[in-house]
Amino acid sequence: MALSRALRCCQRIFSWIPVIIISSVVLWSYYAYVFELCFVIMCVFSTVVYLLMFHVCFIMFCWTYWKAIFTPPSTPSKKFHLSYSDKERYEMEERPDVQKQILAEIAKKLPIFTRAQSGAIRFCDRCQVIKPDRCHHCSVCETCILKMDHHCPWVNNCVGFSNYKFFLLFLSYSMIYCVFIASTVFQYFLKFWVGDLPNGPAKFHVLFLLFVALMFFVSLMFLFGYHCWLVAKNRSTLEAFSAPVFQNGPDRNGFNVGLSRNLRQVFGEDKKLWFIPVFTSQGDGHYFPLRTLRESENPLLANEGKWMEDGGSDEESAGEVASKLKCVFKCSN
């Protein structure tokens, strides 16, 4: 037991190494750009303009990176946990088929439409929770994550419903930060190259600034482009590799409700807040509109308040809403 705790402690410590590496590179880039380039090489006018623009990019980058790291991933609400009696009945039953029937009965009260590959209700034995749609268990975080995308070592956090917008903004502002540094440093790199500027410590900082900025930009460009494609298709990374299974079989486009609505699910209704790292995503991560249902036919969207944590609705009303939605889903297929 003590050895296991020690290993987990070491794992938590080592998991911060990628974050420390990124933070160190960013802090060095700040020193190199501000103190070695702006204050040593540039003229006064260029220094003021470049420093103003640089700090806007730097602040937005740090803000989004902080939010991506320290925003806790959302987990399923208590409604998706087995009650004491259901848990006892499930654990006492040894026959797998009967266990599946027990979970199916409980799931009738919940807005669940995805299934396991076998067609059974998706249930996490470790968390003892019926998984909401798009929810997956993260072995690193050791819990189920709502709309899990992936566990990212560079933010030491699970990217999911609660911080996916922050992760996308972090990628975008990282690219802007790299592009700004590379574009403003390039002219001074050429001057050092042809000998117009004297040799000194600033020369090496300018050289490495350009190299590191271009290197990170190329890697971020592919990652950001991939996630833009995922948002446009309303898929997570996990769903891109393994299509979600519905009652009528696997469907990679099961949650794709059109480009405009897909964007609003992640970034919210207010476009003025799309590029600011504040939470504006739609819903609470427990259910999502389906491609096969029109909004007017989706009773959950009209009764969203019933599913809030403090909504106070009883199991009967929740079950009625879920039953109506399942009936509409079956009819549409």
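The values are calculated or read from the model by the stated rules, or taken from the named source; none is laboratory data. Everything numeric here is computed off the predicted structure, so don't read it as measured data. Quick reminder, even Gly has a Cβ in these numbers, built from the backbone with ideal geometry, and neighbours come from all protein chains shown. These area figures cover heavy atoms from the full protein model, side chains too; ligands, DNA and RNA do not enter into them. Shrake-Rupley method; radii C 1.70, N 1.55, O 1.52, S 1.80 Å.
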Looking at S85, F166, I102, which one has the Cα that reaches farthest to the positive end of the dipole of the chain (charges on Cβ: Lys, Arg +1; Asp, Glu -1)?
-> F166
Carbon plus sulfur fraction of accessible area for the chain, probe 1.4 Å, in percent | 65 percent
Around F246, which amide H atoms from residues at least 5 apart in sequence, or from another chain, sit under 5 Å from its own amide H, with H modelled in the peptide plane?
-> R115, D251
Check every DSSP H run in the chain and write down those whose alpha carbon atoms cover 30 angstrom or more along the long axis and whose mean Kyte-Doolittle hydropathy is 1.0 or greater.
-> 44-70, 164-194, 201-233
In whole Å, how far is the Cα centre of segment 129-194 from that of segment 43-86?
-> 9 Å
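Using only the Cα atoms of segment 78-131, build the gyration tensor, take square roots of its eigenvalues as a ≥ b ≥ c, and label the shape rounded, prolate or oblate: rounded if a/c is under 1.5, else prolate if a/b is larger than b/c, else oblate. All intermediate terms of the calculation are to be shown ahead of the outcome.
On the way: a/c = 1.56, a/b = 1.12, b/c = 1.40.
Oblate shape, in that a/c is at least 1.5 and b/c is the bigger or equal ratio.
With a probe of 1.4 Å, find how much accessible area the chain has per residue, and write the answer as a whole number in Å². Don't skip to the end; give the middle numbers.
Numbers: 17890 Å² over 333 residues.
Value returned for the chain: 54 Å² of accessible area per residue.
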Can you pull the one-decimal nm distance between simple spin-label points at L259 and Q128, each 7 Å off the Cα toward Cβ?
-> 4.8 nm
Taking only the alpha-carbon atoms of segment 33-133, what semi-axes of the equivalent ellipsoid follow from 5 times the gyration tensor eigenvalues under a square root, in whole Å, largest first?
-> 58, 12, 11
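Counting pairs of alpha carbon atoms under 8 Å apart in space and at least six apart in sequence, what relative contact order in percent does segment 78-131 give?
On the way: 37 pairs, mean separation 21.9, N = 54.
Contact order relative to length: 40 percent.
Can you tell me the dipole magnitude for the chain around its Cα centre, using point charges on the Cβ only (Lys, Arg +1; Asp, Glu -1), in Debye to the nearest 20?
Numbers: 34 positive and 27 negative charges, 101 e Å.
So the dipole magnitude of the chain works out to roughly 480 debye.
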So who's got an amide H within less than 5 Å of the one on V129, skipping anything under 5 residues away but keeping other chains? H placed 1.01 Å off N, in plane.
-> C124
FRET efficiency, S77 to A232 (Cβ-Cβ, R0 41 Å, nearest 0.05) = 0.90
Using a simple spin-label model with points 7 Å from Cα along the Cα→Cβ vector, what separation in nm is obtained for V140 and K272?
-> 3.7 nm
Answer rounded, prolate or oblate for segment 1-92, using the Cα gyration tensor with square roots of eigenvalues a ≥ b ≥ c: rounded when a/c is under 1.5, else prolate when a/b is larger than b/c, else oblate.
-> oblate
Of the listed pairs K78/K233; K109/K131; K100/K147; K78/K109; K67/K165, which have alpha-carbon separations greater than 19 Å here?
-> K78/K233; K100/K147
Using Cα pairs under 8 angstrom and six or more residues apart, how large is the relative contact order of the chain, in percent?
-> 19 percent
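If exposed means no more than 16 neighbouring beta carbons inside 10 Å and the site is in a DSSP loop, what's the longest run of the chain without any exposed GluC sites (Glu not before Pro)?
143-268
Taking all pairs of distinct Cα atoms, average 1/r, flip it, and tell me the Kirkwood hydrodynamic radius of the chain in Å to one decimal place.
Details: mean 1/r = 0.0439 Å⁻¹.
Mean inverse Cα-Cα distance, inverted, gives 22.8 Å.
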Taking a probe of 1.4 angstrom, what is the accessible area of R264 in Å², to the nearest 10?
-> 70 Å²
